[in-house]
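Here's the structure, in structure tokens; my notes come after.
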Amino acid sequence: MAKKDRKKLADLLLWGLIQLVTLPYHRFFTYNTLKPALEIQEYATRGVERNSLDRKKLHSLLCGWRTRKRDELAFVSGVTITAIVTASFSWPVIQDSYWLASGVWYASLMTSVCGILISAQQVSLLTLVGDLPVDPLAASSKTIQRHLNQILIDCQPPIRDSDEAAHEYSQQWVLSWKQIFTWQCPMMFFGYSTLLYFVGLTVIVCTPLIEERKGPTINVAITYLVASGISWGLFAYCSLGGYRAITLDGDPDDTEIA
């Protein structure tokens, strides 16, 4: 196999792995974190310059990313699985269920709490960085660079001369997977906390099957498994394929500054 083909296969496998790992929160990961970062990277180097035609587009992308990220963090902080898990521990059926159910629910509770904490950190960071000016031309190059540093990294080596202005416009911004991972962490915690909750619920309902009990509870477990299979199948279909035709910020070629 040629080197180019091996790289293509490796990229395909990596993308498949990313889709699988992010399945519980795939829509949020794609449209609130990864796709905005890729679009910002495309315009970053040219859009920093004040007189660039890409300044307006870069400004729009950064503002859109901040808005979506704030909404996402508010969702994670406000709609938490913590209260649901805590309330579920009071169910009488927990005492007779397989031990794994309680263990998974405690893991769900801890994951949810971690998601709330890191969400609060990121809300604080967005507040400290501040909003961009409404007018794209009113924002200084350093202000735009400060916002870009939240998502991308400058791979240009440090300057050794005094021509800072020349260096300012020679920066090469590239995607930072470390920062992509960090910004998607709140939704990752929330997504997996929800998934762990349903795993625990499945163990509780299916305890008669695990312990080979007899009676009507077997029928309840089978009905639950069928409904769960259909529901999660539709969820996976919608998450992975239902939003592919949606764009984030209009026509990507609309970069002319009036």
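The values are calculated or read from the model by the stated rules, or taken from the named source; none is laboratory data. Predicted, not measured: the structure shown is a model, and the values here were computed from it. FYI the Cβ positions are ideal-geometry reconstructions off the backbone, even for glycines, and counts take in every protein chain you see. Calculation scope for accessible area: heavy atoms of the full protein, side chains included, ligands and nucleic acids excluded. Shrake-Rupley method; radii C 1.70, N 1.55, O 1.52, S 1.80 Å.
What to note about this one:
- Cross-link reach list, lysines versus LYS35, counting only Cα pairs under 19 Å and skipping chain neighbours closer than eight places: LYS56, LYS57, LYS69, LYS178
- Relative contact order, percent, the chain [alpha-carbon distance under 8 Å, six or more residues apart]: 32
- The chain, helix-only ellipticity at 222 nm - DSSP H runs n ≥ 4, -39,500 (n - 2.57), divided by all residues, nearest 500: -21500 deg cm²/dmol
- Cα→Cβ-extended label distance, 7 Å offset, between LEU23 and LYS178, nm: 3.1
- Charged-residue dipole, Cβ positions (Lys, Arg, Asp, Glu), the chain about Cα centre, Debye nearest 20: 540
- Span-like helix criteria (full DSSP H runs; alpha carbon extent of at least 15 Å along the helix axis; mean Kyte-Doolittle hydropathy of at least 1.0) are satisfied in the chain by 99-129, 177-205, 217-241.
- Largest to smallest principal axis extent of the C-alpha atoms in the chain, angstrom: 80, 49, 37
- Rolling a 1.4 Å probe over the heavy atoms of the protein chains gives the chain an accessible area of 58 Å² per residue.
- Between the alpha-carbon centres of the stretch 88-122 and the stretch 1-60 there is a gap of 33 Å.
- Split the accessible area of the chain by element, probe 1.4 Å, and carbon with sulfur accounts for 65%.
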